[in-house]
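Take a look at the structure set out below.
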Amino acid sequence: MFAKLKLTAAAVALVATGGIAQAQQTFITIGTGGVTGVYYPTGGAICRLVNKDRKEHGVRCSVESTGGSVYNTRTIREGELDFGVVQSDVQSAAIDGVRAFANDEPYADLRAVFSVHPEPMHVMVRADAGINSVMDMKGKRVNIGNPGSGTRVLADVLMAAAGVSPDDFALAAELKSSEQSAALCDGKLDAAIWAAGLPNGSSMEATSTCDIKLLDLTTSGTDKVLAENSAYAAATIPGGLYPGNDSDVASWGPKATFVVDASTPDEVVYVLVKAVFENFDDFKKLHPAFGRLTKEQMVKDGLSAPLHPGAVKYYTEAGLM
């Protein structure tokens, strides 16, 4: 309960001193993910901008490496983290009390702050496999991800939208992402489905090692997926990001989102949002995954939870709502 208790004490100080500017000891902690992923530097980028003006607003930000989305959501709920980076479909599942949260009560007090980078579906296919859409995977050897993984959930959504199932494949492999690139290049697979931030190591390994193309998902049920799943958003894998794939690739997937509990003081959330959005060009330069972000997308894309009032206050003032 330590982080939330500090925040509660800070809220009392705000009332006593009459404003955020006079409160010099408001400490917030952001839960992220592993240090080699994109979530950890995302939290670091946000804290860097918050801490830049901490003498003025009194909010001090730190980052914690964690087990990722599900851990962050539960730990925020328990009051041990203040903010967290969470995959958008995990955010949605927490609110409804389903999937990873099936044994939890629905998290009605989860609040969104903004979305961040997309985590688009990377459907990698061997160039000699004759696959130009997901429907063409019938009779092919396809990795659909290991059971219980986020990739497997997304693969199921992708297949359903395209009207195919694992039974249609010659092989429905359940390899981890660390195993799929070698299997593709060794000729043991024709295709592999998974989602990750940009750029990611598995896709880079495959496209650097053998002739692999990323499948454009425009004709594979993208419109149906986006119409039926508010937790997902359209995404683009930029041309030239991966060897041998020079054109932009249309895709979709969850987004990394930034969340908080409803009990967090409005003033604290306002300060954090303002720090990011009023230093937006600097924020976009802090990681390659942020390069194509727009403020308008961050305010609405991939957000299932209601926006926190502190965020709404800033977005209204800035003309974003």
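Structure summary
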quantity	calculated
The range 65-108 - residue that is in contact with a Pro (Cβ under 7 Å, 6 or more places away or on another chain) and in a helix (DSSP H, G or I) and, of those, farthest from residue 40 (Cα to Cα)	96
All positions within the range 304-319 that are closer than 15 Å to residue 277 by Cβ and in contact (Cβ under 8 Å) with a residue 40 or more places away in the chain	307, 308, 310, 311, 313, 314, 315, 318
Criterion (surrounded by fewer than 22 Cβ atoms within 10 Å (Cβ to Cβ), of a type in the set (Gly, Ala, Ser) and touching a strand residue (DSSP E or B) at 6+ places or on another chain (Cβ under 7 Å)) met by exactly one of 318, 250, 256	250
Filter result for residue 23 (in the same structural domain as residue 310 (by TED's automatic domain parsing), at pLDDT below 95 and within 13 Å of residue 271 (Cα to Cα))	yes
Residue identified as without any contact (Cβ under 8 Å) to a residue 60 or more places away in the chain, out of contact with any Lys or Arg (no Cβ under 8 Å at 6 or more places or on another chain), of a type in the set (Val, Ile, Thr) and not assigned by TED's automatic domain parsing to the domain that holds residue 288 among 219, 209	209
Total residues in the range 267-303, condition buried (at least 20 other Cβ atoms within 10 Å of the Cβ), of a type outside the set (A, V, I, L, M, F, W, C) and in contact with a helix residue (DSSP H, G or I) (Cβ under 7 Å, 6 or more places away or on another chain)	4
Single residue of 198, 184 found to be of a type in the set (A, V, I, L, M), farther than 24 Å from residue 312 by Cβ and assigned to a helix (DSSP H, G or I)	184
Hey, residue 148 small (Gly, Ala, Ser), modelled with pLDDT under 90, in a loop (DSSP other than H, G, I, E, B) and touching a strand residue (DSSP E or B) at 6+ places or on another chain (Cβ under 6 Å) or not	no
Any hit, the range 121-139, residues being part of a loop (DSSP other than H, G, I, E, B) and within 24 Å of residue 90 (Cα to Cα)	no
Selection count, the range 215-235, where residues are out of contact with any strand residue (DSSP E or B) (no Cβ under 9 Å at 6 or more places or on another chain) and either outside any loop (DSSP other than H, G, I, E, B) or among the acidic types (Asp, Glu) (or both)	4
Residue list for the range 236-246, filter: part of a strand (DSSP E or B) and in contact with an Asp or Glu (Cβ under 8 Å, 6 or more places away or on another chain)	236, 237
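The values are calculated or read from the model by the stated rules, or taken from the named source; none is laboratory data. What you see is a predicted model, and the numbers here were worked out from it, not measured in a lab. Here Cβ is always computed from backbone atoms with ideal geometry, including for glycine, and neighbour counts include all displayed protein chains.
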